[in-house]
Each structure stands twice: as structure tokens, then as C-alpha cells.
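The values are calculated or read from the model by the stated rules, or taken from the named source; none is laboratory data. This is a predicted model, so every value here is computed, not measured. Glycine gets a Cβ as well: all are built from the backbone with ideal geometry, and neighbour counts include every protein chain shown. These area figures cover heavy atoms from the full protein model, side chains too; ligands, DNA and RNA do not enter into them. Shrake-Rupley method; radii C 1.70, N 1.55, O 1.52, S 1.80 Å.
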Amino acid sequence: MVTATKEDPRPEIGKSLVVDGSVTNYHDVGEGPPVVLIHGSGPGVTAWANWRLNMPALAKQFRVIAPDMYGFGYSDSKGRIEDKQIWVDQIAALLDGLGIDKVSMVGNSFGGGIALAFTIAHPHRVERAVLMGPAGLEFPITPALDEVWGYVPSVEAMRSSLEYLAWDHSRLTDDLIKSRYEASMRPGAQEPYHATFGGADRQANIAMLASREEDIAALQHEMLVLHGRFDEVIPLESSVRLATLLPRADLNVFGECGHWVQIERMVSFNRVVSEFFSNGLKG
């Protein structure tokens with residue numbers, strides 16, 4: 001069942017899809033070929049927080065759909081998630097509920113791993129994909145990612161986590177830090193986040209989000225891999241390896257940028273993604 005009304009004034013609240021009793025909160029803006037945006041896994045993240053600077057620009061050409069994944073934002077919790085297939089199935093159910101057969105996708109970090117896994121599981125449902133600072137391959141966990149996933153709510157812990165995500169720390173205003181901290185402290189927010197990502201063996205989360213290299217190499221979709229040169233969370237080498245495995249992929253590396261390509265290089269990100277989805281690698 002799809003509930004299209006929005007009575008809550010908070011911008012994080014969009015529309016609701018209910019499948020088998022589980023609610024997905026999602027944003028649906030613009031008209032044109034459908035594009036699904038899958039957010040990252042930072043503490044206090046929502047689809048709106050991740051993509052608020054990109055949805056208006058992309059919506060000029062595309063129908064933009066940005067869900068809160070299970071365990072994040074205002075979608076339901078599934079407790080501890082140990083299999084990425086739960087999120088892959090969530091995206092499939094969302095598209096089914098909206099009557100959409102085929103989409104292009106953008107996946108950020110954690111979302112990149114999910115977009116990659118979705119493309120492997122449902123290759124006929126994906127036109128093209130952009131993977132930004134993506135998970136999807138195994139690598140030794142970075143100190144930055146270990147701290148982000150191990151977040152224990154406090155204003156200072158949120159500040160420290162966001163400093164790992166951004167190259168330009170002047171973007172980290174007190175208001176931004178406070179809003180993300182408050183989001184992480186919303187009732188029911190921290191428990192599923194910590195249950196899935198905050199365990200002692202956080203290296204296992206990377207393995208959980210990874211896809212088999214032979215499955216990645218078999219994909220024939222046009223892909224664009226984006227990465228910030230100074231990303232401390234996901235190593236640039238992982239994206240180089242991923243772009244090498246994907247037979248039809250280009251890699252763009254952004255200077256003066258950390259893990260937040262869509263924010264720190266917003267104008268370039270919006271232009272590159274729009275052009276890629278409009279023209280593909282042939283343009």
C-alpha cells in the first residue's frame with residue numbers, strides 16, 4: 001500500500017510505502033526517467049539529509065526517488081541486519097509499489113554497496129548506476145569508518161564523525177552538528193544503527209556489504225564511480241579496484257573533497273550525474 005499524503009512539516013518526512021507491515025519513508029520529486037538515490041550509513045542520516053542539495057537539481061530532468069533504508073531515518077527498523085538482501089528487497093518492493101519496472105541508481109557509500117547488489121540481483125531493472133565513495137568490495141576497515149560506525153551519541157562524537165566525512169570542516173556548523181546529533185537521538189534511531197553497525201567486529205559489516213568480484217565483473221551496465229581524493233572513510237583504492245572490475249565503468253576523482261562528493265562538490269556532482277543519466281558513457 002502506498003500512502004501519498006504528507007502531514008508532518010519536517011522535511012525528512014516524505015511519503016510512505018507499507019509492504020508486509022513494514023514502512024519505507026521516501027521522497028518522490030520531479031518528472032521524467034526514474035532515478036533512485038540510496039543514502040550512506042553515517043549516524044543520524046536520512047535520505048533528505050544526504051540528498052537535500054541534489055534532489056532539486058536532478059528533479060529538473062528526472063523523477064527522483066530517495067528512500068530511508070530500513071533502520072535509518074523514518075523507515076521501520078529490522079533490528080540487527082546481517083544480510084544486505086533485506087535492503088535489496090526493500091528497493092525492489094518500493095519500485096513494485098510505485099509501479100516502476102526500471103530505474104537508474106545513485107548509491108552513496110553504504111548505498112553504493114546496496115546499489116551494486118541490487119544491480120547484480122535485478123540486472124533487468126537497472127538502466128545505469130552511479131557509485132559514490134562506495135562500499136561493495138572488501139577492504140581493511142579505515143579508522144574513520146570504524147569510528148563512524150561505532151558512534152555513541154554525543155554532540156562531540158557527532159562532530160568527530162562528521163569531520164571524517166567532510167574535507168572542508170568549515171561546512172560543519174554548530175547547527176548542522178546539532179541537527180544530526182538530534183536526529184541520531186530520536187527515539188528508535190540509535191538502537192537499530194548500533195545493532196547493525198556498532199558491534200565489536202565492524203570489519204564484518206564491510207564483508208556483509210561486499211558483492212562477489214565475479215558477479216561485479218559480469219555486469220554489463222554503464223557505471224560511473226565517483227570518489228573524493230581525500231576520502232578518509234572509504235579508501236580511493238577500493239573505487240579504483242571497483243572501476244577496474246566493472247567492464248563498462250568510468251572513474252571520476254574529485255579534488256578538494258572528502259567522503260561528501262554530493263555536498264562538497266555539489267555543482268559538479270549534479271552536472272556529472274545528470275549528464276551521465278541523460279547520455280551515458282557514449283556522450
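Quick notes on this structure:
- Residues that are on the phi > 0 side of the Ramachandran plot and in a helix (DSSP H, G or I) within the range 229-283 comprise just one, 280.
- Residue in the range 26-34 that is open to solvent by 60 Å² or more (accessible area, probe 1.4 Å), part of a helix (DSSP H, G or I) and either without any contact (Cβ under 8 Å) to a residue 40 or more places away in the chain or in contact with a strand residue (DSSP E or B) (Cβ under 6 Å, 6 or more places away or on another chain) (or both) present: no
- In the range 47-68, the residues that are assigned to a loop (DSSP other than H, G, I, E, B) and either open to solvent by 10 Å² or more (accessible area, probe 1.4 Å) or among the aromatic types (Phe, Trp, Tyr) (or both): 52, 53, 59, 60, 61, 62
- Residues considered: 211, 179. Of these, the only one that is buried (at least 21 other Cβ atoms within 10 Å of the Cβ) and hydroxyl-bearing (Ser, Thr, Tyr) is 211.
Let's see how each residue does on (1) closer than 22 Å to residue 121 by Cβ; (2) without any contact (Cβ under 8 Å) to a residue 40 or more places away in the chain:
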residue: 223; (1), (2): yes, no
residue: 228; (1), (2): no, no
residue: 232; (1), (2): no, no
residue: 238; (1), (2): yes, no
residue: 246; (1), (2): yes, yes
residue: 255; (1), (2): no, yes
residue: 258; (1), (2): no, no
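- Any hit, the range 73-88, residues being out of contact with any strand residue (DSSP E or B) (no Cβ under 9 Å at 6 or more places or on another chain), without any contact (Cβ under 8 Å) to a residue 60 or more places away in the chain, open to solvent by 10 Å² or more (accessible area, probe 1.4 Å) and not in a helix (DSSP H, G or I): no
- You will find that of 160, 211, 184, 170, the residue that is under 26 Å from residue 269 (Cα atoms), part of a helix (DSSP H, G or I) and in contact with a helix residue (DSSP H, G or I) (Cβ under 8 Å, 6 or more places away or on another chain) is 160 and no other.
Residues are listed down the side, and each one gets a yes or a no for (1) surrounded by fewer than 19 Cβ atoms within 10 Å (Cβ to Cβ); (2) at pLDDT 95 or above; (3) within 27 Å of residue 80 (Cα to Cα):
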| position | (1), (2), (3) |
| --- | --- |
| 171 | yes, no, no |
| 189 | no, no, yes |
| 219 | no, yes, no |
| 224 | no, yes, no |
| 236 | yes, yes, no |
| 244 | yes, yes, no |
| 247 | yes, yes, no |
| 282 | yes, no, no |
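- Selection from the range 251-260 of residues that are of a type outside the set (Gly, Ala, Ser) and over 19 Å from the mean Cα position of the chain (by Cα): 256
- Among the candidates 114, 120, residue that is assigned to a helix (DSSP H, G or I), open to solvent by 10 Å² or more (accessible area, probe 1.4 Å) and closer than 25 Å to residue 249 by Cα: 120
- Residue selected from the range 132-157 under the condition open to solvent by 30 Å² or more (accessible area, probe 1.4 Å), of a type in the set (A, V, I, L, M) and part of a loop (DSSP other than H, G, I, E, B), by the criterion nearest to residue 50 (Cα to Cα): 152
- Of all residues making up the range 71-95, the number that are under 14 Å from residue 195 (Cβ atoms) and out of contact with any Ser or Thr (no Cβ under 7 Å at 6 or more places or on another chain): 6
- Selection of the range 187-206 for residues being part of a loop (DSSP other than H, G, I, E, B) and under 20 Å from the mean Cα position of the chain (by Cα) yields 189, 198, 202.
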